[in-house]
Amino acid sequence: MHRRTFLLAGTSLTLFASAVGQRRAAAALQNSVAFDPGMLRRMAQELAQKPFQAPDGKLPEPLAHLTYDQYRDFRFDPQRALWRDQRLMFTLQLFHRGFLYTNRVDLYEVVDGTAQPIRYSPDLFTFGANPQPSDGDLGFAGFRVHAALNRPDYFDEVAAFLGASYFRAIGKGQGYGLSARGLAIRTADSSGEEFPVFKTFWIERPHPGVNSIVVNALLDSQSTAGALRFTIRPGETTIFDVEATFYPRTDIAEAGIAPLTSMFDFDGNNRADIDDYRPAVHDSDGLLIWTGRGEQLWRPLNNPHDLQLSTFGDVNPRGFGLMQRKRAFAAYDDLEAHYERRPSLWVEPIGDWGEGAVRLVEIPAGGEIHDNVVAFWRPAQPLKAKGEYGFTYRLHWTAATPPGEGFAQIVDTRSGVSGPEKNRLFVLEAAGDKLKQLPADAKPQLEASADHGKLLNQVLTSNPETGGWRISFELAPESAKAVELRAQIKLGDAPLTETWVYRWTP
C-alpha cells in the first residue's frame, strides 16, 4: 500500500441506471437482481452513452482524514469472511473506506445467476483504538480473495482489488509486489494520466470443490466504460483469465491494454549514486517480450534521471511481462522486504491483437516507496468513440520462466566506469541449457551494437562459475545523450540467447 498511494483512486456509489430512472437503480441496491456476463457488457455499453460522473468520495468525519496508521487499524474480522462456513475453496474479505481509499465500490455476490448486494456493517470490522463509525451504509473500498495456497489448513490472501482499477495477486510462496490494472489511458502524457476506476463488482460464489473464482467488474472513466471478467485460479502460478471489453465515449489514441505497474530502485546497472547496504532493490528487474516473430527481448529496467519511454513495435505478440529474475536472498539481502519472493507477471494474449507496440515507461523515483515502472500493449489504431473493443488474455503471477523459444537468458546486467576516459563498462551474464549443451569445441560469437557512440573491447568468455558465458564491452558515448544497445550470443546464424536491449543515458 505504501508505493501505490499516489496513484490509487476508488470507485463510486453510483449504480448504473437504466432508462426507467434512478428509482429502479435504488431498488437494485436493496433487492436481488439477475446477472450474467452479457448483462455486464450491456451495462457498460449503455453507461458509455451517458456523460461520465466522477466518483463520490465523500466520507463523514473522522473517516475523511485518517492517517495511514489509523487506517491500518481498520481490519476486517476474519470470522465474518464470506463463505467461511460453507467448505468452499475460497473466502472473501472486504476493505473499509478511508485514508486514500475514500470512494465507494458496490459489491454483489452472484449465486445461480442472481446477484445479492453485500451490505456494509461496522460489525464486520475491528477498529483498534479508533472509534467505531456510527454512520449507516458506508460501503466498501474493495475486497480480497483468500484460499489455501501454501498449506491446506490456512487460507492465505491470494488476490486483492483496491483503488482505481488496480489489482494484484501472488503464487505459492510469494509476497505481494507489482500490480495490474484494468486499463491505462495517457500514461506519461504531458496532459496528465487518466485513471479508470472499477465502479461495481459482481463476485460469483465458487462451486464446492472447484479451485477457481470469477470476478466481474464494471469499469468507468472520462473516456470509456468497460466490462471485465476475471477467472482466478490460485496455485504455484496463479492464473487470471481476463476478458475485457471497452466502449469508448471519445477517441482514445493512448490506450494501455493489460497494464502492469512495478517498482525499480536500483541494481548493478545503476548504483553510481546509491548509498545502500543492499545489492539491489526492486519488485521487477526487467521487461521480457516474446514477439510475434519468435524473437525474445530482455530489457533490464532502470531508474533514470529523466522520464524514459521505450516502444517495441510488434504484430500479434506472444507475450510480455515485468519479471523478477533474481531469486536468491543474497541478491537483495533484505530480511523485511524479501524482494526475492516478489512475483513476475506475464501477459499471454489470447487471439490476434493485431499491430501495435509494447510500451515501457520508466519514471525517476527517489526510493522504493514509489511505483515508477509501467508496461502495457498499445494498439496501433486509436480506440474509436462508440466502438466496441475486446481483448482476451491470461495473466501469470509466477516465479517460473515464461514459455518461449528456449533461448538462454541474460541473468545479470552490471555496469561501471572504465578507464581514464570514463567510458561505461557493461558486464552481462548469460546462462541456460543452450549454453550448457554446447560442444567443447564450439565457438559462439558475440553480436553487439550501439546506435550512437562506439563499442570497445568486446569480449565473450565462458564462465565456469555459472556454466554460462560472460559478455563485456565498453561504451564510449561521445556526445550522445541516449544510446540504444543490443547484444546476443550466436553460434553461426543461430541465436543461443535472447536479445539483450538497453537504453543508456548519462
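Considering only protein heavy atoms and a 1.4 Å probe, what is the carbon-and-sulfur percentage of the accessible area of segment 442-506? Present the calculation step by step, with values, prior to reporting the outcome.
Working: 1620 of 3290 Å².
Whole-percent figure for carbon plus sulfur exposure: 49.
Express in nm, to one decimal, how much length is gained between Glu193 and Arg414 on full extension, taking 0.36 nm for each residue of separation and deducting their alpha carbon distance.
On the way: separation 221, 0.36 × 221 = 79.56 nm, distance 3.27 nm.
Going from the current span to full extension adds 76.3 nm.
Got the relative contact order for the chain handy, in percent, Cα pairs under 8 Å and 6 or more residues apart?
12
Can you run the Rg to Rh ratio on the chain? Use alpha carbon positions and the Kirkwood inverse-distance Rh.
Across the chain, the Cα-based Rg/Rh ratio is 1.00.
Which value in Å is the Kirkwood Rh of segment 230-325 over different Cα pairs?
By the Kirkwood definition, the hydrodynamic radius is 16.4 Å.
At each listed q (0.14, 0.18, 0.19, 0.23 Å⁻¹), what is the log10 of I(q)/I(0) that the Debye formula gives for segment 133-223 modelled as equal alpha-carbon point scatterers?
Values, matching the q order: -0.67, -0.96, -1.02, -1.22.
Separation between the His338 and Asp276 pseudo-spin-labels, each 7 Å from Cα along Cα→Cβ, expressed in nm?
Reported label-point gap for His338 and Asp276 is 1.9 nm.
Beta carbons within 10 angstrom, averaged per residue: use that to sort the peptides 372-378, 481-487, 84-90, highest first. Please report the intermediate quantities before stating the final value.
On the way: 372-378: 23.9, 481-487: 16.9, 84-90: 14.6.
Sorting 372-378, 481-487, 84-90 by mean packing, highest first, produces 372-378, 481-487, 84-90.
How far apart, in nm, are the 7 Å Cα→Cβ label points at Lys172 and Asp451?
4.4
Could you do me a favour and compute the accessible area per residue for segment 277-317, 1.4 Å probe, result in Å²? Please report the intermediate quantities before stating the final value.
On the way: 1410 Å² over 41 residues.
Here the residues of segment 277-317 average 34 Å² of exposed surface.
As an exercise, find the ratio Rg/Rh for segment 161-286 from alpha-carbon atoms, using the Kirkwood inverse-distance average for Rh.
Details: Rg = 17.6 Å, Rh = 16.8 Å.
Result: Rg/Rh = 1.05.
Ordered by packing density, taken as the mean number of other Cβ atoms within 10 Å over each peptide's residues, highest first, how do 325-334, 241-250 rank?
My ranking of the peptides, most packed first, is 241-250, 325-334.
Where the accessible area of segment 63-135 is counted over protein heavy atoms with a 1.4 Å probe, how much of it, in %, is carbon and sulfur? Before the final figure, lay out each step's value.
On the way: 1560 of 3580 Å².
Looking at segment 63-135 in its full context, I get 44 percent from C and S.
Taking the chain as the reference, fit the longest principal axis to its C-alpha atoms, fit the long axis of helix 37-47 to the helix C-alpha atoms, and give the angle between the two in degrees, 0 to 90, nearest 10.
The angle comes out near 90 degrees.
Roll a 1.4 Å probe over the protein chains and send me the accessible area per residue for segment 381-450 in Å². All intermediate terms of the calculation are to be shown ahead of the outcome.
Numbers: 3880 Å² over 70 residues.
Counting only protein heavy atoms, the per-residue value for segment 381-450 is 55 Å².
The values are calculated or read from the model by the stated rules, or taken from the named source; none is laboratory data. Worth saying up front: this structure is predicted, and the values here are computed from it rather than measured. When we count neighbours, we look across all protein chains shown, and the Cβ atoms used for this are built from the backbone with ideal geometry, even at glycine. In case anyone asks, the SASA skips ligands and DNA or RNA and just uses the protein heavy atoms, side chains included. Shrake-Rupley method; radii C 1.70, N 1.55, O 1.52, S 1.80 Å.
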